[in-house]
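Chemist: First the structure, which I've put down as structure tokens, then a few questions once you've had a look.
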Amino acid sequence: MIRTFYTPPENFIDDERVVIKGEEAHHALRVLRLRVRDIVRIVDGMGNAFIGKIARITPPDSLTVDIQERADSTDPKAEIALMVAVPRPQRMDFLIEKAVEIGVHSIFPIIYERSPRILEGKVTRWRRIAISAMKQCGRARLPEIHKPMQLHAAIEHFADYDGRYMADLLDGKPLLGYNLRRKAVIAVGPEGGFTDTEIEMLDNWKFHRFILGRRILRVETAAIVALTIFLNGLGEL
Ligand code: SAH
């Protein structure tokens, strides 16, 4: 099995050579014990994937790869962003991993009025989880994981989005009842639900309500189910 490594665009020396550094290199050398001439797959987090051969190892944690050819990746073409309440730490880890696997484009953790206090320090951890999920599922584009922010700040990012949708238990229609847009955002509220002010803000921004069924889902379940239905609806799962 060819292993995948993530290395950002700035680590590309030219079209033919790339350096893998830090944790990724450590993993390649210490854990997997890769050697010169071993074949690896490289992804740059921007949607590009390559197959290459290890040309040089510079201890303790750097290796140079000669790029041989472009490789396939599994990124969806649709750009589906998620604005989502932050559930408890383990559940958020799960949410990040699954959302990346399913094909999310970016994640905006939202501090809603009814959100419990959250730890901002988690972003680094979430990004690490996203990198590992990206590699595992064959993607080459790393979804952006933003720092937690308030709804009014996040919502500004979606002014030019073609589709805006909010998961709401009240009088919504099913997602598949909409003509789903390929550049869209899905908002999922906190366990305590949206406040009236938040609903008003989402309404002003023309978020369409959708319902995921009769049962009340937890934040992470609602986010994962909504993303799945959406990407499947677009033929991009
Ligand atoms: N007590 C809250 C439930 C919150 S569940 C309330 O009455 O609103 C957390 C979030 O998940 C909700 O804000 C909503 O965005 C989403 N969600 C959960 N189950 C859902 C369903 N069946 N349909 C649509 N959205 C749902």
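Chemist: Which percent of Cα pairs goes in each bin when the distances of the stretch 3-70 are cut into 5 angstrom slices starting at zero?
Modeler: For the stretch 3-70, the pair-distance distribution reads 4, 19, 36, 27, 11, 2.
Chemist: Further question on the same structure: Suppose R0 equals 22 Å; then what is the FRET efficiency for residue 152 and residue 77 from their Cβ-Cβ distance, rounded to the nearest 0.05?
Modeler: 0.15
Chemist: Mean shadow of the stretch 79-233, computed from the convex hull of its alpha carbons, in nm²?
Modeler: 8.3
Chemist: Can you give me the % of accessible surface on the chain that is carbon or sulfur? Probe 1.4 Å, all protein chains present, nothing else counted.
Modeler: On the chain, the fraction of accessible area on carbon and sulfur atoms equals 49 percent.
Chemist: Moving on. Looking at the chain, send over the antiparallel percent of its DSSP beta bridges, to the nearest 5.
Modeler: Of those bridges, close to 40 percent are antiparallel.
Chemist: Pairs 147/173; 98/173; 98/183; 53/98: which are spaced more than 26 Å apart, C-alpha to C-alpha?
Modeler: Cα-Cα > 26 Å for 147/173; 53/98; rest within.
Chemist: May I ask you to derive the relative contact order of the stretch 3-70, considering only C-alpha pairs under 8 Å and at least 6 residues apart, and to give it as an integer percent?
Modeler: Reported as a whole number, the value is 36 percent.
Chemist: On to the next question. Putting +1 on Lys and Arg Cβ atoms and -1 on Asp and Glu Cβ atoms, find which of 96, 230, 201 reaches farthest to the positive end of the dipole of the chain.
Modeler: 96
Chemist: With every protein chain kept in place and ligands, DNA and RNA left out, what is the accessible area per residue of the stretch 3-70? Probe 1.4 Å, answer in Å².
Modeler: With the other protein chains kept in place, the stretch 3-70 gives 56 Å² per residue.
Chemist: Tell me the per residue accessible area of the stretch 111-200 using a 1.4 Å probe; a whole number in Å² is fine.
Modeler: Counting only protein heavy atoms, the per-residue value for the stretch 111-200 is 53 Å².
Chemist: Does the stretch 153-226 come out rounded, prolate or oblate, given a ≥ b ≥ c as the square roots of the eigenvalues of its C-alpha gyration tensor, rounded meaning a/c under 1.5 and, failing that, prolate meaning a/b above b/c?
Modeler: oblate
Chemist: Under a Cβ-only charge scheme (Lys and Arg +1, Asp and Glu -1), can you give me the dipole magnitude of the chain about the Cα centre, in debye to the nearest 20?
Modeler: 820
Chemist: Shifting gears a bit: If you take the C-alpha gyration tensor of the stretch 160-201, multiply each eigenvalue by 5 and take the square root, what semi-axes do you get, largest first, in whole Å?
Modeler: 20, 13, 9
Chemist: Counting pairs of alpha carbon atoms under 8 Å apart in space and at least six apart in sequence, what relative contact order in percent does the chain give?
Modeler: Once divided by the residue count of the chain, the mean separation gives 20 percent.
Chemist: What trypsin sites (Lys or Arg not before Pro) in the stretch 7-55 are in a loop by DSSP, with at most 15 other Cβ atoms within 10 Å of the Cβ?
Modeler: 33, 35, 37
The values are calculated or read from the model by the stated rules, or taken from the named source; none is laboratory data. All of these numbers come straight from a predicted model, not from anything done at the bench. Note that each Cβ is placed from the backbone with ideal geometry, even for glycine, and that neighbours are counted across all protein chains shown. Each accessible area value is taken on the protein alone, full model and side chains, heavy atoms only, with ligands, DNA and RNA left out. Shrake-Rupley method; radii C 1.70, N 1.55, O 1.52, S 1.80 Å.
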